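The values are calculated or read from the model by the stated rules, or taken from the named source; none is laboratory data. Keep in mind the model is a prediction, meaning the values are calculated, not measured. All Cβ positions, even for glycine, are placed from backbone atoms using ideal geometry, and neighbour counts span all protein chains on display. Side chains included, ligands, DNA and RNA excluded: accessible areas come from the protein's heavy atoms. Shrake-Rupley method; radii C 1.70, N 1.55, O 1.52, S 1.80 Å.
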Amino acid sequence: MADKTLKTDTLKTIALRGVVLFPGVTQHFDVGRPRSVYALEAALAAEEPLFAVCQKDPDIDDPDEKSLYDMGCVIEVKQVMPMPDGTLRVLVNPLCRAKAEGVVNTGEMIVSKIKRITEKRPSDKDSRSVLAQSKELFRAYQEEKGDAGGENAQLLLAMNDIGEFCDRFAATEMENFVSQQQVLSCVDVLERAGIACRYMYESQQFLSLRKEIQKRTHERLDKNNREYFLREQQRLIDEELGDDEDDIAGYEKKLEALPMNEEAKERTAKEIKRLKRVSPQSPEGAVMENYIEYMLELPWGKYTKDKLSVSRAKRVLDEDHYALTEVKKRVLEFLAVRSVKNDPKSPILCLVGAPGVGKTSIARSVARALGREFCQVSLGGVHDEAELRGHRRTYVAAMPGRVISAIKQVGSMNPVFLFDEIDKMASDMRGDPAAAMLEVLDPEQNARFRDHYLEAPFDLSRVLFITTANSVEAIPKPLFDRMEVIEVPSYTLEEKIQIAKRHLWKKCLSENGLGKDELKITVPALKTLIEGYTREAGVRNLERALARLCRKAVVEKLEKREKWNGITFTPETIPEYLGAPDFLKRDAAKKPEVGTVNGLAWTSAGGEVMPIEVSVMPGSGQMELTGSLGNVMKESAHIAMSFVRQHMQEDGVTEEFRKTHDIHVHVPEGATPKDGPSAGIAMACAIYSAMTGLEARQDVAMTGELSLRGNALPIGGVKEKLLAAYRLGINNILLPRENVKDLEDIPLDVRGKMNVMPITRATEALKYVLPGKRV
């Protein structure tokens, strides 16, 4: 019949969604897409067969050649029936396998060039053997399925051809069209039988496992029913004894005594009334009871009396922190105003500084100075507002947010509340926590803060909120507007030595069980430790290094026992315990180099000396920028190049030279992203040095934004940048003249050792950095 019907190798094509046809298995499917309907009607009018093929993704409405499998069936249409929804239900007789060699037309309908497929059949002996094994597997599969006597099962078991058996099995028993397509595409009959047998075996194992799970589930349900019966009996006994009545009466008595606001009291009383009508053993009763107990345990009306003494606050701050003079002044000003005004509404302090400079400990000192409780919530990585505002009780295992939980934990309604790392918050599809923070921090709103779990207002207006951040740039603008920023600066070498002597060393000795007479460290040893084993704005790594020394001393003490006479650490003995220094001090008198200058950068970890390297090579006048530079820094490089082009003739460099040479600007530590305008002056000096061949001084560091006219514009982070240069032994600094006022923030002992040259124009920097410059 196939040979008679198939007159051409080019057939109109219908793309099927999730339906795979097999030769000899009469099937029906619905046609509704315009191109498929057009192809069907055209084939019926021409009395031609069709080519039906399954598409790879059923969700594609308008498939192209790449969206279709290449193996399908030549079909003969037996019947077409219109359906109420406008589609056509088509009954077809698949004639043979066919493979699409390509799509000829995809206009009003798909027309494919097809090739009929001849099956690769086994010998009669192999065919009978495989058929018998397949039927045996099929019987086991049907028994597990519980459909051994079905009509389709009987029809399959009566078949005598292994190829037809596999095709019918795939068409009627396989549920996944991808697996069906795999069978259809298999030309080798033995391989096709292998696929079918593997499917039967895996399905049998799955059905067996599912029966076992269902059996265990029924057993567990029977056990749960028994437990429910016993619990109901227990509930009736408890009701007779009156235990539940006593608990509810206790709740009502506590509620009456608490100074709750009216809405919260009304909400709690309503839940107590509902609890009376609900079985305590029911899940809903447990949820109500948890809510009532939580509401009653909150510190309603409990306030700590402030110790508003400026002299006491000053003493506490001085005890806990060395240096940070300006920060202490700002905090004392804030506390002084509170003592005079006695207004519960106060500005939110935001302590901004590098890691390890003491932001969190300052907040603890403020709490100690005021005599208030202290609680802390870290916002790093928080991206769901429910973590701050809580979950509604409609959710399973709902709980209050971090704010209310912290208030409950400290047992006071006016603690010092620290939000740590407020610049590290994130937002996603679950909400923006910054929006919740607005309600928490805004003095106009937080008097009636609503946690989703409480469903009632809670007064946060008397809480003293303090936040910390490494950088203000990442803080959302609406939040930033509500804060008073106090910058916590980096520490100098002398300040770190004093902090180590006064605080860190004593703390490490105590934590490691050592006495002050057993272990000592000299000031030169502290200097060696700071310069050789730490490089940071704060003292966190310094504390870790001191703790390592203490741990190694404990090991040595246990090994030597009676022979141990204690240790005094000196600069010579530090490497014996900690190994070679991690950081080597740079030689400030390093000889000049061509194309390399020292820039100064500010990071969230403090200041850094940032070398800028430039190379010139034959080319076509292109400029390459590498080192993970941001857009602003790239623009600075282009401005620097324009400035150099304006002045390079002064040292004999022609425009023709520039056009025939490429320039490569690189800022080392390429994996670290860098951005900002403050490297403009340094880039100009480095490019000028590389273009002219003039050597640049390496005992000079510089910072400043460069304008197109060659002006040196002011920048930020002056203190951190100059301290970074000081740590590396670079004492000659080029600084925009408008930043001279910022030198007041630098300690006198450091300022006295540095040679700061104010500049107004970039040409002044060129003359200072490039001694060989002509003009």
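With the convex hull drawn around the C-alpha atoms of segment 70-199, the volume per residue stands at 144 Å³. Note on the chain: Cα Rg divided by 2.2 N^0.38 Å, N the number of residues, gives 1.47.
Enclosing the Cα atoms of segment 287-329 in their convex hull gives a volume equal to 129 cubic angstrom per residue.
With the convex hull constructed from alpha-carbon coordinates only, segment 381-424 shows a mean projected area of 3.8 nm² over all directions. Taking only the alpha-carbon positions of segment 482-619 and ignoring solvent, what does the Debye formula give for the base-10 log of I(q)/I(0) at q = 0.09, 0.11, 0.14, 0.20 Å⁻¹? After summing over all Cα pairs, the log10 values are -0.40, -0.55, -0.76, -1.21.
Heavy-atom accessible surface of segment 537-587, averaged per residue, reaches 65 Å², computed with a 1.4 Å probe. Put simply, the C-alpha atoms of segment 1-146 give a gyration tensor, and the ellipsoid matching it has half-axes of 30, 19, 15 Å, longest first. Roughly speaking, what % of Cα-Cα pairs in segment 393-471 are separated by over 21 Å, rounded to a whole number? In whole percent, the share of Cα-Cα pairs in segment 393-471 beyond 21 Å is 30. One decimal place: the segment Y395-K767 gains 126.9 nm when fully extended, by the rule 0.36 nm per residue minus the C-alpha distance.
A probe of 1.4 angstrom, applied to the heavy atoms of all protein chains, finds R168 with accessible area near 40 square angstrom.
The alpha carbons of segment 607-652 stretch over 36, 22, 18 Å along the principal axes, in descending order. Extending 7 Å from Cα along the Cβ direction at A447 and again at D161 yields two label points whose distance is 8.9 nm. At an R0 of 60 angstrom, the distance between the Cβ atoms of Q133 and S282 translates into a FRET efficiency of 0.60. Across all directions, the average projected area of the convex hull around the alpha carbons of segment 470-555 is 7.3 nm². Within the chain, helices built from complete DSSP H runs that reach 20 Å or longer along their own axis (Cα positions) and carry a mean Kyte-Doolittle hydropathy of -0.5 or higher are 283-297, 325-341, 631-647. Taking every Cα-Cα distance in segment 105-162 and sorting them into 10 Å bins from zero, the calculated P(r) comes out as 18, 31, 20, 17, 15 percent.
If you look at the Cα atoms of segment 548-662, you get an Rg and a Dmax of 25.2, 80 Å.
At 0.36 nm per residue, minus the direct Cα-Cα distance, what do N290 and Q79 gain on full extension? Give it in nm, one decimal, please.
Full extension of this stretch gives 69.3 nm more.
Fraction of C-alpha pairs exceeding 25 angstrom in segment 278-382: 41 percent, rounded to a whole number. For segment 652-714, the percent of C-alpha pairs falling in each 10 Å distance bin, counted from 0 to the bin holding the largest distance, reads 17, 44, 35, 4. Surface composition of the chain: carbon plus sulfur atoms contribute 49% of the solvent-accessible area (1.4 Å probe, protein chains only, all chains present). By the Cα gyration tensor, segment 670-751 has an equivalent ellipsoid whose semi-axes, rounded to whole angstrom, run 22, 16, 14 from largest to smallest. Label sites at E202 and K501, each approximated as a point 7 angstrom past Cα along Cα to Cβ, lie 7.5 nm apart. From the P(r) of segment 327-419, can you give the percent of Cα pairs sitting at distances over 21 Å? Distances greater than 21 Å cover 43 percent of the Cα pairs.
As a quick test, which of the pairs K552/K753; K302/K359; K329/K408 have an alpha carbon distance above 30 angstrom in this structure? Cα-Cα > 30 Å for K552/K753; K329/K408; rest within. Scanning residues 5 or more positions from Q376 or on other chains, those with amide H under 5 Å from its amide H are L418, with H placed 1.01 Å from N in the peptide plane. Probing with 1.4 Å while keeping every protein chain in the model, the per residue accessible area of segment 74-135 equals 59 Å².
Entry for segment 597-747 at q = 0.14, 0.16 Å⁻¹: log10 I(q)/I(0) = -0.65, -0.84, Debye formula applied to identical alpha-carbon scatterers, no solvent contribution.
Put simply, segment 22-96 fits an ellipsoid with semi-axes of 18, 17, 12 Å; these come from the alpha carbon gyration tensor as the roots of five times its eigenvalues, largest first.
Heavy-atom accessible surface of segment 633-745, averaged per residue, reaches 38 Å², computed with a 1.4 Å probe.
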